[in-house]
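The values are calculated or read from the model by the stated rules, or taken from the named source; none is laboratory data. It should be emphasised that the depicted structure is a prediction, and the values quoted were computed from it without experimental measurement. In this analysis, Cβ positions are derived from the backbone assuming ideal geometry, glycine residues included, and neighbour counts consider all displayed protein chains.
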Amino acid sequence: MDGQTINEILRNIYQRLMDRYGPQHWWPAREPFEVVVGAILTQSAAWTNVAKAITNLRTAGKLSPEMLRRLPDDELARLIYPCGYYNVKARKLKTFADWLGERYDDDLKRLFSLDIDQLRRQLLSIYGIGEETADSIILYAGNKPIFVIDAYTRRIIDRVGLAPDVNSYSAYQTLFMANLPADTRLFNEYHALLVRLAKEVCRTRPLCRDCCLNATGADHATGRFPCSSTNNMHP
């Protein structure tokens, strides 16, 4: 990367994404519990379908831990049907609602008063919450600085030549968190911008000519930064 540090490369990527797309204003929710629900429902689902499921819950007056606990399983599954895997996700939502009630009396502020490490361990102990979901809850509902890693992020990082030596969630997360300041807004926008780029341009079959990371003049020596359709990083 022409002697650039990883910190400089990541900052440059972020600035180019921000210049192209602007702030993304994630997470699209009215209050923290809705973020939690969305983070669980968005597993293996398009956000448009998750939004429909959340709208169903809100319209039915069931978008709270207490109301989720009271709902019969089949009724909850019916309401969240648009997001897919509705029976499994209904169980996940109920499990979280039960846990939140038993441990924190439904008080998310108490839960989010924990430090990041404690909070993450507790979330990961709950059925149906893996690393990406836990980190989404911490970042977007708890407003705490942790970087969310998903398939889109991995794809882009691999293609720009920054893939860590170990192919693991924690290795990709460390790449960002060890080289950027622990800033909630930065992590929020960076993740959202990477998702935007992956969905619109850096697809499975990438549209490299439209990519802001492939813009002429970004690198004064080569005219490329840092991903190029000529460097064989793309499949």
Identify, please: which residue in segment 19-75 is farther than 22 Å from T95 by Cβ and touching an Asp or Glu at 6+ places or on another chain (Cβ under 7 Å) and is, among those, surrounded by the most Cβ atoms within 10 Å (Cβ to Cβ)?
Q24
Which numbered condition A198 misses (of (1) part of a loop (DSSP other than H, G, I, E, B); (2) surrounded by 16 or more Cβ atoms within 10 Å (Cβ to Cβ))
(1)
All conditions in (1) closer than 26 Å to S170 by Cα; (2) touching a Leu at 6+ places or on another chain (Cβ under 8 Å); (3) of a type outside the set (A, V, I, L, M, F, W, C); (4) in contact (Cβ under 8 Å) with a residue 24 or more places away in the chain are true of T42 except (2)
Hits in segment 145-169 (condition: surrounded by fewer than 17 Cβ atoms within 10 Å (Cβ to Cβ) and part of a loop (DSSP other than H, G, I, E, B)):
G161, A163, P164, D165, V166, N167, S168
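Against the definition (touching a residue at least 40 places away in the same chain (Cβ under 8 Å) and either within 26 Å of Q24 (Cα to Cα) or of a type in the set (G, A, S) (or both)), how does I129 come out, yes or no?
Details: touching a residue at least 40 places away in the same chain (Cβ under 8 Å): yes; either within 26 Å of Q24 (Cα to Cα) or of a type in the set (G, A, S) (or both): yes.
In short, yes.
Are any residues in segment 170-179 of a type in the set (S, T, Y) and either surrounded by fewer than 17 Cβ atoms within 10 Å (Cβ to Cβ) or at pLDDT below 95 (or both), and if so, which ones? Break it down into steps so the answer makes sense when it comes.
Of segment 170-179, the ones of a type in the set (S, T, Y) are 170, 172, 174.
S170, T174, listed by residue number.
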Output for Cβ contacts, cut-off 7 Å, separation at least six or different chains, first residue outside any helix (DSSP H, G or I) in segment 96-107, second among the acidic types (D, E), reads D106/E66
A182 at pLDDT 95 or above, crowded, with 16+ Cβ neighbours inside 10 Å and out of contact with any helix residue (DSSP H, G or I) (no Cβ under 8 Å at 6 or more places or on another chain)
no
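Which ones in segment 108-119 are surrounded by fewer than 19 Cβ atoms within 10 Å (Cβ to Cβ) and part of a helix (DSSP H, G or I)? So that I can check it myself, show each step before the final result.
Restricting attention to segment 108-119, the residues satisfying the condition of being surrounded by fewer than 19 Cβ atoms within 10 Å (Cβ to Cβ) are 108-110, 112-118.
Selection gives L108, K109, R110, F112, I116, D117, Q118.
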Within segment 9-68, of all residues that are among the basic types (K, R) and in a loop (DSSP other than H, G, I, E, B), the one nearest to P181 (Cα to Cα) is R30
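Based on what the data block shows, is D135 modelled with pLDDT of 95 or more and either buried (at least 20 other Cβ atoms within 10 Å of the Cβ) or touching a Cys at 6+ places or on another chain (Cβ under 9 Å) (or both)? Steps first, answer last, please.
Details: modelled with pLDDT of 95 or more: yes; either buried (at least 20 other Cβ atoms within 10 Å of the Cβ) or touching a Cys at 6+ places or on another chain (Cβ under 9 Å) (or both): yes.
So D135 fits the description; yes.
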Residue among T59, T95 that is closer than 22 Å to L124 by Cβ and among the polar types (S, T, N, Q):
T95
